Amino acid sequence: MANQTGTLVAAGLGLVVMAFVLSWLFGHLARRYALRLGFLDRPGGHKGHKAPVPLGGGVAIWLSIMLTLGVCGLCTFAARDALPSALARHAGGALATSWELLRILALATVIMIMGLIDDRVNLKWPIRLGIQILCATLLVASGIRVTLFWPFTHPILGGAVTVLWIVGLTNSFNMLDNMDGLAASVGLIAALLFGAAQAAVGSLFAPAVLLIVVGALGGFLVHNLAPARLYMGDAGSNFLGFLLGAMTVVGTYHISGFDSPFSVLAPLLVMAVPLYDTTSVILIRLHEGRSPFEGDQRHLSHRLVDRGLTRPQAVWTIDLITLACGLGALLLHRLDGQGACVVVAQTACLLGVVAILEVAQGRTDPG
């Protein structure tokens, strides 16, 4: 048993390293050819950077994930007999889930291409939102939707919740991509936490994919940490949000012996900060009589900078809040109703503290 666990851990680390190296290399290529092709994010408007920054990081992330998964597929199906027994025994399960994963990747690729076009020509928000809804609806129509518990087991209600969840996360990560290293680091933490929560209930499919996402985002962050030399652009942020949203839908939430219905709350805890940022920004814009799709510098990261933090400090703060909110997801599958309420309340209190600190006025008098 120990040998099998060690083999699985080693395989997982191998996926992380492969995706990391590929993303790092593709990031170098993206920086070089983005400059030659003029594929740049230029300063101006609500953007905070002062000089043009190469785009194309989203393509690097997408390529590294797709290639790593492709190598996994070849090893699983073409070289199954050569795999260690601890991996070969799961090949049948991988085959059963491969078509589900292919549907997710195909639609996530459409979202990436939409974002890539948006990076070049600035698509209108109704077009972007329409494509996101269409892709999420196609995913639901293919049989991928949340079931959760009654009444969400109903196909129509479960499908509607799935579309709302995936489209919401897609836009959350798009909005979160407003500061060097922010969207990628939050996505990395979210993927790592949710992958660990899935591994805790005995799932292998979702953790393997999410470990590849972790590696790809890690390799991209080499180029994206402040001062960023490469941006993921709308191609990367939309792809990342859609993929993470879809993976949380297809995840496993029960383990034999600990059949807690509250484990389905894990995605809400892991994604609490992106959802908080999106909700607060939309409310602020509506309160000011502006379109919720109008870009500005009213995001959580910008509000933290307004409170006196540097931009890197704001990113680190949001990363730590994301980690603190999501750690409870690792325990939900073993908790009863009272325990789950404590974990959820802890996350809500943490976000409440953030909200209070945001609106509090700084004290200037010495007394």
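Brief remarks on what is shown
- Most mobile listed residue (354, 186, 213) in the chain, GNM with C-alpha springs under 10 Å: 354
- If you bin all the Cα-Cα distances of the range 207-345 at 5 Å, starting from zero, the percentages per bin are 2, 8, 13, 18, 20, 17, 11, 7, 3, 1, 0.
- FRET efficiency estimate (nearest 0.05) - Cβ-Cβ, residue 102 to residue 307, R0 41 angstrom: 0.35
- Fully extended contour minus Cα-Cα distance, from residue 51 to residue 113, at 0.36 nm per residue: 19.8 nm
- Normalised convex hull volume, the range 126-187, alpha-carbon set, Å³ per residue: 90 Å³
- Label-reachable residues, the range 12-33, where backbone N falls under 11 Å from a point 7 Å from residue 71's Cα toward its Cβ: 14-23
- Residue 334 paired with residue 83, simple spin-label distance in nm, labels 7 Å along Cα-to-beta-carbon: 2.8 nm
- For 231, 276, the sequence from fewest to most other C-beta atoms within 10 Å is 276, 231.
- Gaussian network model of the chain, Cα within-10 Å springs - most flexible of 226, 266, 216: 226
- Rg(Cα) / (2.2 N^0.38 Å) computed for the range 178-218, rounded to two decimals: 1.20
- Förster radius 30 Å - calculated FRET efficiency between residue 37 and residue 17, Cβ distance, rounded to 0.05: 0.50
- In order along the range 99-111, phi translates into HN-Hα couplings of 5, 4, 5, 4, 5, 5, 5, 4, 6, 5, 5, 4, 4 Hz, rounded to whole numbers, per the Karplus curve 6.51 cos²θ - 1.76 cosθ + 1.60 with θ = phi - 60° and x for Gly and Pro.
- Applying both filters, DSSP loop and at most 14 other Cβ atoms within 10 Å, to the trypsin sites (Lys or Arg not before Pro) of the range 273-303 gives 290.
- Tail weight of P(r) past 11 Å, computed on alpha-carbon pairs of the range 151-193, percent: 69 percent
- According to the calculation over all Cα-Cα pairs in the range 117-274, the P(r) per 5 Å bin from zero is 2, 9, 17, 20, 20, 16, 9, 5, 2, 1, 0 %.
- Positive minus negative residues near residue 317 (Lys, Arg vs Asp, Glu; Cβ under 15 Å): -2
- Overall dimensions of the chain by Cα: Rg and Dmax, Å: 20.5, 75
- Student exercise, the chain dipole from Lys, Arg, Asp, Glu Cβ charges, in Debye to nearest 20: 660 debye
- Helix-derived mean residue ellipticity, 222 nm - over the chain, DSSP H n ≥ 4, -39500 (n - 2.57), to 500: -23500 deg cm²/dmol
Every number in this text was worked out from the coordinates using simple rules, so none of it is lab data. Only a predicted model underlies this, so the values are computations on that prediction, with no experimental measurement involved. Don't worry about glycine lacking a Cβ; one is built from the backbone with ideal geometry, like all the others, and counts go over all protein chains shown.
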